[in-house]
Each structure stands twice: as structure tokens, then as C-alpha cells.
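Notes follow once the structure below has been shown.
The values are calculated or read from the model by the stated rules, or taken from the named source; none is laboratory data. Everything quoted here is computed from the prediction, not taken from an experiment. Here the Cβ positions follow ideal geometry from the backbone for every residue, glycine too, while neighbour counts run over all protein chains shown.
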Amino acid sequence: MTYFSARQAGRHAATKPAKSTGAFNALKRDILLGTLPAGTALTELDLAAHFGCSQGTVREALLQLQEEGLVLRQGHRGTQVSACTADEAIEMFRVRQQIECNGIMRVIKAPSRTLLSDLGQLFEEMMDAARQGDELELASFDRDFHRRIFQDAALPALDPILHRCLVHNHRFKISRSTTPRDLVATAQRHHSIIEAIESGDAARSVAALHHHIATIVDLGPDVFPDARQ
């Protein structure tokens with residue numbers, strides 16, 4: 001089963017999500033939107049009462065958030081929402097750029113039969129979310145889009161690292177937004193990546209992906225000085 005088909009199966013199975021999944025999604029949404037700012041204490045007892053579930057269920061959700069780097073669990077000091085700093089974001093942009101650009105060179109050599117159709121479907125899902133003004137749903141499809149490309153690089157041990165970088169890139173981007181963003185334009189930026197992959201040109205694909213990552217936020221030129229706006 002491919003990542004994309006597993007993702008689809010997971011979405012269908014999530015019609016009635018487990019309570020831990022519901023708690024995880026709700027907390028993740030509030031952290032990404034800044035409703036729960038960095039340093040906010042998250043206690044299992046309070047969260048269990050809020051979500052109407054057991055502390056064990058809450059603990060499972062917090063462990064998932066810890067895996068994504070959105071909370072810090074510090075033993076007797078409890079759990080807190082992690083920080084979202086520019087320094088950390090910059091390093092994650094750099095790590096992501098290296099992982100994805102090296103990965104896409106491998107992808108172009110032997111792309112899977114379904115890669116382009118999968119990316120096309122994800123692009124349409126991004127556009128639908130953008131038109132509906134759902135920034136978090138758009139970000140979720142965005143992460144799926146980039147991970148679907150990387151799946152064909154056949155470097156599975158790096159996927160969790162890429163996923164964490166993507167989550168924090170989106171969190172940082174949302175936290176820096178002081179005015180409403182053009183979500184449709186954000187979604188459309190992915191089309192040039194699809195066209196580059198379709199061309200079968202490795203250099204063009206690397207350039208498209210590098211430019212995409214370097215121009216996500218306005219600090220791009222400082223992080224990637226060779227980027228062309």
C-alpha cells in the first residue's frame with residue numbers, strides 16, 4: 001500500500017475517529033493557529049475533563065503531539081506547548097530543503113506509476129480547501145503533497161523528519177501572518193512542481209522545489225541567498 005492510498009484509507013476510517021485522535025486534532029489545530037501559545041501548560045486531568053475522555057486517552061494524544069514537536073513533555077514539570085522561534089524555523093527550512101531536493105533527484109530517476117495522478121488529486125484538494133478559506137486543511141494537504149513526492153525517493157527513515165519540518169514550517173508561516181493570505185495563490189504555487197516532475201528534468205524539478213521552499217516566507221532570501229524571487 002502506498003502512502004497516498006494509506007492516507008485515503010485513513011481518511012475514510014476516520015469518519016468516527018478515536019477519542020485520542022479527536023483530542024490530538026483539536027489540540028494540534030489550536031497550537032498551529034496560536035490559540036494555545038508557546039508555554040501553555042497542558043495537564044492531562046484538565047484535558048480529560050474538557051474532551052470527556054480518560055487521562056490515558058489524553059496521554060496518547062500528547063505523545064502524538066510530542067512526536068511532531070508541538071509540545072514538550074518534561075516529567076514532573078508537566079507538558080507545555082513548544083516554542084515557535086525564527087531560529088528553529090530557519091534550521092528546519094534548511095533541513096527540509098536538503099531532504100526534499102536530494103530526494104526529488106532520486107524520484108525523477110524512477111517515479112512511481114501513480115505519482116503524477118496522486119499529486120494532481122492532492123493539488124485539487126488543496127485548491128478546494130483554499131477556495132473554502134480553510135488554511136489548516138490546505139496546510140494538511142500541502143504536507144501530504146510534499147510527502148507523496150518524497151515517498152518515491154525510497155528513503156522512509158527520513159519521512160518523519162520531513163513531516164516534522166513541514167508541520168513547523170506551516171506553524172511558523174501562520175504565526176507570522178498579520179493579514180489574511182491569498183490561499184488560492186498558495187495552493188497554485190504547487191503546480192509548477194507538478195509540471196517540473198512531469199517534464200522528467202531533474203535539474204528543473206530541483207530548481208522548482210528549491211524556489212518553492214525558499215519563497216514560503218519573506219525570510220527566504222536570508223536563508224537561501226541564491227533563491228530567485
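Would you pick out the residues in segment 130-140 that are farther than 18 Å from residue 28 by Cα and aliphatic (A, V, I, L, M)? If the condition is that a residue be farther than 18 Å from residue 28 by Cα and aliphatic (A, V, I, L, M), then 130 is the only one that fits. Checking 120, 56, 78 one by one, the residue that is at positive phi and surrounded by fewer than 20 Cβ atoms within 10 Å (Cβ to Cβ) is 78 and no other. Residue selection: residue 86 satisfies the criterion of being loosely packed, with under 15 Cβ neighbours inside 10 Å and of a type in the set (A, V, I, L, M, F, W, C). Wholly within segment 137-221, which helices (runs of 4 or more DSSP H) include no fewer than the required count, namely at least 1 residues that are touching a Cys at 6+ places or on another chain (Cβ under 9 Å)? Of the helices (runs of 4 or more DSSP H) lying wholly inside segment 137-221, those with at least 1 residues that are touching a Cys at 6+ places or on another chain (Cβ under 9 Å) span 159-176, 202-214. Among the residues of segment 169-192, the ones that are in contact (Cβ under 8 Å) with a residue 60 or more places away in the chain and of a type in the set (A, V, I, L, M, F, W, C) come to 3 in all.
If the condition is being in contact (Cβ under 8 Å) with a residue 40 or more places away in the chain and within 19 Å of the chain's Cα centre (by Cα), then segment 193-212 contributes 193, 194, 209, 210.
Just one residue in the set 96, 143 is surrounded by fewer than 19 Cβ atoms within 10 Å (Cβ to Cβ), outside the structural domain of residue 68 (by TED's automatic domain parsing) and closer than 15 Å to residue 213 by Cβ; that residue is 143.
Here residue 101 meets each of (1) out of contact with any His (no Cβ under 9 Å at 6 or more places or on another chain); (2) assigned by TED's automatic domain parsing to the domain that holds residue 214 with one exception, condition (1).
Checking the conditions here, which among 136, 115 is assigned by TED's automatic domain parsing to the domain that holds residue 210, in contact (Cβ under 8 Å) with a residue 24 or more places away in the chain and under 15 Å from the mean Cα position of the chain (by Cα)?
Of 136, 115, the one residue that is assigned by TED's automatic domain parsing to the domain that holds residue 210, in contact (Cβ under 8 Å) with a residue 24 or more places away in the chain and under 15 Å from the mean Cα position of the chain (by Cα) is 136.
Contact map, segment 66-78: first residue within 14 Å of residue 43 (Cα to Cα) and assigned by TED's automatic domain parsing to the domain that holds residue 39, second residue outside any helix (DSSP H, G or I) and β-branched (Val, Ile, Thr), Cβ cut-off under 6 Å, separation 6 or more or different chains; pairs are 71/79; 71/81; 73/79.
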